[in-house]
Amino acid sequence: MKKFIFFVLIIALFTIICIFMTEKTDVLGLHAMPFNYSFSEQSGKQTLSWERLPYPCFYRVDTLEKTTGRINGEAEMRVVASHYTFSNHCEIMSAGIPLFYRVTAYGIFGSVKAEDNPVANPDFPDPPRPVPILSYTEGNPASLMPFLVWHNVPKAVCYEVELLKDKPENEGGTELSSKQHLFSTQSVFTNGWQADFRKFLKSPGVLYWRVRALDFHHKPIGTFCDAQPIYIDPSAPMPKSPLPNDYDRPSDFKQPLYPVYQWIPLNNALRYEVELMTVPPDADEEHGTVPSRNRVWGRTVTAFCAYDEYPRPYAGDYYWRVRAVDKHGYTIGTWSDVRHFSVAPHSERVYAAVFGDSITHGGGSLSYSPANIEYCYNTYLDFPTVNLGRSGDTSHTSMLRFKEDVLPFHPQNLLILTGSNSLRAPGVSAESIISDLDAIRRDCEENDIRPIFITLMPINPAHIRSAFATPTDPGWRTKMDKVNAWINQQPYHIDIAPFFFDRDDKVMDPELALDGLHPDIEGKKLMAEIINMNQGLLR
């Protein structure tokens with residue numbers, strides 16, 4: 001018996017040595033074997049696949065994003081998330097920014113193959129062009145009024161869609177087709193549009209469409225995407241409701257304290273009603289035409305998104321849907337499909353929260369709301385946060401809502417950035433802004449919350465007037481300097497203002513904030529990078 005046990009131990013030891021030598025010496029040549037990545041996508045959900053190595057191992061998939069490169073010494077990329085799997089595929093994060101993926105294979109004794117060059121997400125090609133999400137095939141034909149949906153293009157303010165009777169003479173480019181053109185519009189301010197083929201087709205057939213991104217002045221950003229065939233069946237039912245827009249959004253998306261609901265509008269509808277419920281609508285109410293008996297809030301808007309004016313701090317499930325309505329409030333079509341989000345319990349203290357106005361709440365490039373998380377600076381932070389921002393806040397309204405909105409979460413750390421709207425408002429003094437911030441500081445200290453103030457960024461009055469047709473207090477710079485001098489005297493502060501001036505050190509750099517006030521993707525990433533470098537201030 002002892003000899004048998006000894007023999008088994010020898011075999012086990014020999015096996016372990018062989019495995020160790022295999023993994024550490026690369027005798028199988030695993031390091032040189034390519035992963036051969038491939039991507040597949042269905043309704044906006046993407047899967048990354050790769051070839052298995054001929055060796056038993058598990059895989060780590062890192063999701064990375066490029067940094068701005070505006071801070072000395074920062075890495076070219078940062079890891080956004082990591083996922084472990086024994087499979088050779090995994091669902092990858094959706095986002096409105098270019099992401100990259102790196103796969104590392106592990107054996108018993110550590111890495112057996114690490115990919116040096118991350119692979120890029122194909123939804124963000126170079127030069128930029130929209131990548132379609134929904135497709136209509138011969139087996140899944142469209143109606144005469146289908147929704148056309150594509151991935152967002154960073155920095156795009158709007159899009160131009162072109163309908164064609166056949167493939168264009170030249171793919172890509174920035175010019176409309178001279179021979180196949182049927183219709184085009186530049187009045188598309190989200191990543192989807194409901195087409196209308198009724199005057200172009202009466203019987204089943206195939207037409208084409210393509211889209212390109214435009215900037216604030218309707219100049220092309222990149223090129224048209226390749227023309228997409230769209231098989232049309234005139235007998236197919238046409239959509240009767242707006243399409244909730246949660247594309248380019250991670251599956252673990254968390255609504256801010258003040259939620260924002262957005263959708264792709266119905267063709268030619270001008271008004272929409274959103275309703276919120278804490279339980280799903282009853283079965284007889286689904287896709288109906290009247291408000292739900294379970295409604296807790298509703299609002300009518302003329303845009304393709306709605307900002308909830310009430311905070312939603314209470315843990316639990318929430319459900320929302322939208323319908324188009326006429327000027328009298330009667331439904332056009334039916335209610336949309338229901339969308340769901342959850343608020344996590346917060347009986348224990350949260351580690352950190354961000355607090356302030358629309359710069360904190362999110363949004364940018366004129367057309368994007370806080371529901372587009374690529375325009376929220378806390379998306380890029382290296383630590384978890386709760387977004388307590390509210391669009392439209394002044395320093396005073398932030399101060400007034402502190403107890404109601406902050407104390408339920410009792411954060412250990414509160415990142416405070418508010419007062420930009422007060423800077424540009426005539427008649428609001430620097431001293432009044434400082435007084436509001438000081439009141440917030442006292443409220444934090446009385447409740448054992450560490451107040452970490454962020455300096456106010458410069459603004460750009462010319463761009464604000466162009467974007468919003470509103471004037472700016474000529475004394476904004478003097479006010480900003482006084483407020484920031486006070487902030488920089490606080491025990492816990494982060495000075496981001498110097499990074500946001502233009503070359504002449506006068507106003508907000510237009511490359512960072514198109515509208516002169518709200519930082520766009522590059523600006524939000526820069527904000528987070530500066531905060532990440534100062535993470536030692538948090539307790």
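The values are calculated or read from the model by the stated rules, or taken from the named source; none is laboratory data. Computed from a prediction, not measured in an experiment: that's the story for all the values here. Note that each Cβ is placed from the backbone with ideal geometry, even for glycine, and that neighbours are counted across all protein chains shown. Side chains included, ligands, DNA and RNA excluded: accessible areas come from the protein's heavy atoms. Shrake-Rupley method; radii C 1.70, N 1.55, O 1.52, S 1.80 Å.
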Net lengthening on full extension, residue 310/residue 448 (0.36 nm per residue, minus Cα-Cα): 47.1 nm
Peptides 283-296, 360-373 ordered by average Cβ neighbours within 10 Å, highest first: 360-373, 283-296
Cβ-placed point charges (K, R +1; D, E -1), dipole of the stretch 290-358 about Cα centre in debye, nearest 20: 260
Solvent-accessible area of residue 166 with every protein chain in place, 1.4 Å probe, in Å² to the nearest 10: 70
Reachable lysines, given that their alpha-carbon falls under 28 Å from the alpha-carbon of residue 179 and they are not under 8 places away in the same chain: 165, 167, 199, 202, 219
Stretch gain in nm, segment residue 114-residue 91, where the contour uses 0.36 nm per residue and the Cα spacing is subtracted: 6.3 nm
Radius ratio Rg over Rh of the stretch 357-434, counting only Cα atoms, Kirkwood formula for Rh: 0.98
Computed FRET value (nearest 0.05) for residue 477 with residue 186, which takes r as the C-beta separation and R₀ as 45 Å: 0.80
Mean accessible surface per residue for the stretch 466-539, computed with a 1.4 Å probe while every protein chain stays in place, in Å²: 45
When the stretch 443-487 is reduced to its Cα atoms, the Kirkwood hydrodynamic radius in Å: 12.7
Sum of side-chain charges, residue 118 neighbourhood, beta-carbon under 11 Å (Lys, Arg +1; Asp, Glu -1): -3
Rounded to 5, the percent of DSSP beta bridges in the chain classed as antiparallel: 85
Segments 81-89, 445-453, 406-414, 64-72 sorted - mean Cβ within 10 Å per residue, highest first: 406-414, 445-453, 64-72, 81-89
Lysines with Cα under 21 Å of residue 525, excluding same-chain neighbours fewer than 8 positions away: 66, 155, 254
Computed over the stretch 399-465, the ratio Rg/Rh where both radii use C-alpha atoms and Rh is Kirkwood: 1.03
Reference-scaled alpha-carbon Rg (2.2 N^0.38 Å with N residues) for the stretch 234-301: 1.28
Rh (Kirkwood; distinct C-alpha pairs) - the stretch 110-260, Å: 17.0
Whole-number Å³ per residue for the convex hull built on Cα positions in the chain: 223
The stretch 464-520 - Rg over Rh from alpha carbon coordinates, Kirkwood radius: 1.00
Under the span-like rule (Cα at least 15 Å along the axis, Kyte-Doolittle mean at least 0.5), DSSP H helices of the chain: 2-25
Net dipole in debye of the stretch 166-288 [+1 Lys, Arg Cβ; -1 Asp, Glu Cβ; about Cα centre; nearest 20]: 580
Only Lys, Arg (+1) and Asp, Glu (-1) charged, at Cβ; the chain dipole about Cα centre in debye: 480
Area of residue 482 that stays accessible when all protein chains are in place (1.4 Å probe, Å², to 10): 100
Heavy-atom accessible surface of the chain: percent carbon and sulfur, 1.4 Å: 54
For the chain, with +1 on Lys and Arg beta carbons and -1 on Asp and Glu, the positive-most of 87, 487, 377 along the dipole: 87
Global form of the stretch 323-464, assessed from the alpha-carbon gyration tensor, a/c cut-off 1.5: oblate
Accessible surface, per residue, of the stretch 264-303 when the full set of protein chains is kept, probe 1.4 Å, Å²: 53
Interchain or long-range residues, amide H under 5 Å from residue 243's placed H: 264
Residue-wise HN-Hα coupling along the stretch 407-418, computed from phi with Karplus coefficients 6.51, -1.76, 1.60 (Hz; x: Gly, Pro): 4, x, 8, 6, x, 5, 10, 10, 7, 10, 9, 8
